[in-house]
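Participant: Could you have a look at this structure, given as structure tokens, before my questions?
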Amino acid sequence: MADFSVIVIGAGVIGLSIACKLSHKIKDLLVIEKNPLFGMETSSRNSEVIHAGIYYPEGSLKAKLCVEGRKKLYEFLEKHNLPYKKTGKLIVAKKDEKEKLIDLYHRGIANGVEGLKIIEKDKVKEMEPSVKADMAIYSRETGIFDSHSFMKALYHNAKKNGAIFAFGQEVSQIEKKDSSYYICNQKGEKVSATILINSAGLYSDKVASMLGIDIEKENYKISFCKGDYFYYAKRSPVEKLIYPLPHEGLKGLGVHATIDLSGRLKFGPDAYFVDKIDYSVDENKRDFFYDNASIIIDGLEKEYLFPDTSGIRPKLKGQGVRDFIIKDESDKGLSGFINLIGIESPGLTASLAIGEYVSNLVLKNYG
């Protein structure tokens, strides 16, 4: 008999959400995390934006789970009295970008996003006098929140439901034997489960490969996509989030302006691939950030831009926009193994919807 019914690998926001949801129904659940605490990587190194669901292809998991997740997230934050602000967002365009902007608006409408409006230059100036745009999409439902207090609430809720957390335990090997999965840490200690959920974020492809899955053949290989931020040391000239049009194939959302709950303005992230985890920010990028920020906001002073944080996303490369991979691997002879791979933006916004999606998958197939 297995030690646990369910083991979740990874205690980022997705692992926490899965544990919080599943622990209502399954009492012998273990979460294994290699770091000394939850949410220490991608989940806590981002813009802390609650996305509306505009950007993602119609019918994709990213679109569906972002729209659902955003509603669930606002409800959760309200219920638990956690800090957030529905700031609204402007996605701005120049004259020669108007057609792309209108296409993006229609994508958002097709995804079921509420509160979207196309506004012209005079209305943009009325809303945000410092913003430079000939046309914009106004997104009423976009907001910001404190991702750490959110993750803390998920963690405490899961623990209250009986979930057990094992921190500082890096998985080194996984073996399937009969109907159980045996997970081994770097000390050679083993624990087993009937159902194994891979929510290892930046290392999810590595975990999948431990069970013999050819990650190249299955297009599961993760690339580290790094994004740096700079903050603005003067009072923010804007109150809403200001975004340029996204890059082709959603490789990034461009250097945008976000405000945190204290009112501090920051710009980023840029997007580039790296071979190893390194969260340092090159102060020599100031000119780059100033030039890009000045495209969307007028009157910024370069000398008040300073390096801030950076984050790394688990990016799936390939043609077009790669969707989330959330898959029961029974067809590979791995009954009870559920992979979550390439859970990048809008994963934070979608986290509660992803937790419910995975919980339903488990209970439907193995409950």
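Participant: Filter region 292-321 for residues that are in contact (Cβ under 8 Å) with a residue 40 or more places away in the chain and of a type in the set (Lys, Arg) and give the result.
Facilitator: Matches in region 292-321: Arg313, Lys315, Lys317.
Participant: Can you name the residue in region 176-194 that is farther than 30 Å from Cys225 by Cα and in contact with a strand residue (DSSP E or B) (Cβ under 6 Å, 6 or more places away or on another chain) and, of all such residues, is surrounded by the most Cβ atoms within 10 Å (Cβ to Cβ)?
Facilitator: Ala193
Participant: Filter region 44-64 down to residues that are under 25 Å from Tyr229 (Cβ atoms), open to solvent by less than 20 Å² (accessible area, probe 1.4 Å) and outside any loop (DSSP other than H, G, I, E, B), then give me how many there are.
Facilitator: 3
Participant: Here's a check for you: in region 164-175, which residue that is under 24 Å from Cys20 (Cβ atoms) and of a type in the set (Gly, Ala, Ser) is surrounded by the most Cβ atoms within 10 Å (Cβ to Cβ)?
Facilitator: In this case the residue turns out to be Ala166.
Participant: Criterion first (in contact with a helix residue (DSSP H, G or I) (Cβ under 9 Å, 6 or more places away or on another chain), touching a residue at least 12 places away in the same chain (Cβ under 8 Å) and surrounded by 16 or more Cβ atoms within 10 Å (Cβ to Cβ)) does Tyr138 satisfy it?
Facilitator: It is true that Tyr138 is in contact with a helix residue (DSSP H, G or I) (Cβ under 9 Å, 6 or more places away or on another chain), touching a residue at least 12 places away in the same chain (Cβ under 8 Å) and surrounded by 16 or more Cβ atoms within 10 Å (Cβ to Cβ).
Participant: Same structure again: Are any residues in region 201-230 open to solvent by 20 Å² or more (accessible area, probe 1.4 Å) and not in a helix (DSSP H, G or I), and if so, which ones?
Facilitator: Met210, Leu211, Gly212, Asp214, Ile215, Glu216, Lys217, Glu218, Asn219, Lys221, Ser223, Phe224
Participant: Here's another thing I want to ask about it. Given region 107-183, what strands (runs of 3 or more DSSP E) lie entirely inside it while holding 3 or more residues that are closer than 28 Å to Ser60 by Cβ and not polar (S, T, N, Q)? Explain how you work it out, then say what you get.
Facilitator: Details: elements: 116-120, 135-139, 143-145, 164-167, 171-177.
Output list reads 116-120, 135-139, 143-145.
Participant: So which of Pro129, Pro83 ends up being of a type outside the set (A, V, I, L, M, F, W, C) and open to solvent by 80 Å² or more (accessible area, probe 1.4 Å)?
Facilitator: Values: Pro83 fails: open to solvent by 80 Å² or more (accessible area, probe 1.4 Å).
The match here is Pro129.
The values are calculated or read from the model by the stated rules, or taken from the named source; none is laboratory data. Just so it is clear, the model here is predicted, and its values are computed rather than measured. Cβ coordinates were reconstructed from backbone atoms using ideal geometry, including for glycine residues, and neighbour counts include every protein chain displayed. Accessible surface is based on the protein model in full, side chains and every heavy atom, while ligands, DNA and RNA are left aside. Shrake-Rupley method; radii C 1.70, N 1.55, O 1.52, S 1.80 Å.
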